[in-house]
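Novice: First, the structure itself, so that you have it in front of you.
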């Protein structure tokens with residue numbers, strides 16, 4: 001396939017990714033415009049709100065300046081001054097990332113992943129900047145440089161992940177850029193390259209495991225606290241159409257809540273306003289944003305909450321054992337190489353969880369609402385330390401187990417051919433027939449066959 005065609009297809013898929021995200025934000029707003037406002041409100045305000053939501057979902061800050069009447073209605077200190085909304089609705093970023101994953105895999109299948117990646121990232125960045133310019137308004141102003149950079153970075157992360165997955169399954173592509181990268185990596189010693197791959201696999205697997213357990217725990221909390229959540233919906237009195245919009249906003253925030261739950265399990269916890277903290281050891285909550293799903297926040301520190309700290313350690317240990325299982329070619333590596341694999345896995349997991357924690361938090365309004373979400377540096381440090389300890393222990397355990405298997409006496413699955421079926425004593429091998437007996441056997445068999453053939457011949461003549 002020609003490079004131009006690949007670039008155009010990647011650009012088209014990137015455009016579709018942006019349109020899908022915008023559509024998911026616009027449809028409920030159009031429903032609100034038609035049902036609640038009776039088509040009387042200016043429709044351009046709803047288009048701007050959808051674009052602002054999409055940009056927020058990719059980490060773009062929104063500078064808000066409320067008019068005096070609206071600021072007085074809000075009733076929050078500092079609402080009359082310009083403030084920043086910086087929390088990312090990660091549901092929109094997840095959509096873009098998944099599209100990027102698909103683009104990366106498809107571009108790699110064509111043999112030219114760099115062309116597809118560059119095209120998708122550039123188109124996403126241009127569309128983000130264009131949206132920021134189009135929806136600029138005195139009430140809500142997106143930060144232009146962030147709109148031109150951050151959506152493209154999200155798409156680029158998805159594309160790189162897709163390329164990595166495709167390389168892992170089908171090998172390297174054949175274009176000049178990836179061939180140059182492959183040649184450079186081939187210059188690394190085997191110990192270094194194998195260690196890097198193992199550390200990445202263990203670290204990514206541990207981070208994914210933490211997120212998966214956090215998602216399950218959040219689902220359980222929502223089920224348990226659903227009466228409180230329903231009561232908050234009724235207290236808001238938003239009606240059916242308003243309730244649908246609020247629910248969709250909560251769905252867009254659901255990935256954020258999963259990351260917050262992961263931060264809670266890891267120990268640092270998260271904030272829902274300045275001076276607040278929700279963690280396994282203590283829960284200090286003040287005024288929180290008016291989202292019913294926040295009714296699932298724990299009222300107090302969970303009993304035995306510190307036991308959750310063992311989760312990343314166990315995940316790191318299990319990942320290192322699974323990755324190191326059967327790799328007997330590394331038994332003669334120095335001890336520091338095994339140590340480096342475990343420590344590197346901790347660094348990878350810490351970077352991933354720290355990035356997710358950073359992207360999941362931010363300001364949601366003026367006053368105390370400027371500080372919402374987990375402390376990214378603290379989450380990264382705790383994750384790196386806990387996963388690293390578990391991965392180091394698991395790597396040395398796998399190394400010791402592999403060496404023990406090498407030291408054990410090897411025996412074929414069926415046993416040696418000279419053993420009897422039910423015993424361990426060897427028996428003598430069957431004697432080889434001599435050449436004379438073999439020749440005699442062949443002659444006698446030939447005579448028998450000749451007699452039979454002659455008999456058949458005489459019988460046929462008699463007929």
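Read-outs: derived from the displayed coordinates by stated rules, not from any lab. Note that the coordinates shown come from a computational prediction; the quantities given were computed from them, not determined experimentally. Glycine gets a Cβ as well: all are built from the backbone with ideal geometry, and neighbour counts include every protein chain shown.
Novice: Where Rh is the Kirkwood radius over the Cα pairs of region 115-168, the temperature 10 °C and the viscosity 1.306 mPa s, what D in µm²/s does Stokes-Einstein return? Kindly include the intermediate steps, with their values, before the conclusion.
Specialist: Values: Rh = 11.9 Å.
Translational diffusion coefficient: 133 µm²/s.
Novice: Can you compute the label reach from residue 20? Point 7 Å from Cα along the Cβ direction, backbone N cut-off under 14 Å, restricted to region 100-136.
Specialist: Once the point is set 7 Å along Cα→Cβ of residue 20, 100-106 turn out to lie under 14 Å by backbone N, inside region 100-136.
Novice: I've got another one for you. Could you tell me the calculated FRET efficiency between residue 322 and residue 378, based on Cβ-Cβ distance and R0 = 35 angstrom, to the nearest 0.05? All intermediate terms of the calculation are to be shown ahead of the outcome.
Specialist: Working: r = 28 Å, r/R0 = 0.81.
That gives a FRET efficiency of 0.80.
Novice: Once you treat every alpha carbon in region 1-187 as an equal point and sum by Debye, what is log10 I(q)/I(0) at q = 0.09, 0.11, 0.12 Å⁻¹?
Specialist: For the requested q values the scattering log ratios are -0.41, -0.57, -0.65.
Novice: Evaluate the distance, in nm, between pseudo-label points positioned 7 Å from the Cα of residue 222 and of residue 70 along their respective Cα→Cβ axes.
Specialist: 2.9
Novice: Further, regarding this structure: Could you sort the peptides 155-167, 342-354 by per-residue average Cβ neighbour count (10 Å cutoff), highest mean leading? Working shown, then result.
Specialist: On the way: 155-167: 21.7, 342-354: 24.1.
So the order, starting with the most tightly packed, is 342-354, 155-167.
Novice: Roughly what would the spin-label model give for residue 282 and residue 196, points 7 Å off Cα along C-beta, in nm?
Specialist: Modelled inter-label distance: 4.4 nm.
Novice: Fully extended, how many nm does the chain gain between residue 393 and residue 134 (0.36 nm per residue separation, minus their Cα-Cα distance)?
Specialist: Numbers: separation 259, 0.36 × 259 = 93.24 nm, distance 5.43 nm.
That pair, residue 393 and residue 134, stretches by 87.8 nm at full extension.
Novice: Determine, from the Cβ-Cβ distance of residue 31 and residue 102 and an R0 of 35 Å, the FRET efficiency 1/(1 + (r/R0)^6), rounded to the nearest 0.05.
Specialist: Working: r = 29 Å, r/R0 = 0.82.
About 0.75, to the nearest 0.05.
Novice: Could you work out the percent of alpha carbon pairs in region 189-406 separated by over 31 Å, rounded to a whole number?
Specialist: Of all Cα-Cα distances in region 189-406, 31 percent exceed 31 Å.
Novice: If you don't mind, there's one more thing I want to ask. Roughly speaking, what is the stretch gain from residue 39 to residue 335, that is 0.36 nm per residue apart minus the C-alpha to C-alpha distance, in nm to one decimal? Before the final figure, lay out each step's value.
Specialist: Details: separation 296, 0.36 × 296 = 106.56 nm, distance 7.08 nm.
That works out to 99.5 nm of additional length.
Novice: Relative contact order for region 1-187: what is it in percent, counting Cα pairs under 8 Å that are at least 6 residues apart? Before the final figure, lay out the partial values.
Specialist: Details: 281 pairs, mean separation 51.8, N = 187.
That works out to 28 percent.
Novice: Same structure, new question: Give me 139, 224, 293, 202 sorted ascending by neighbouring Cβ count inside 10 Å, so fewest comes first.
Specialist: 224, 139, 293, 202
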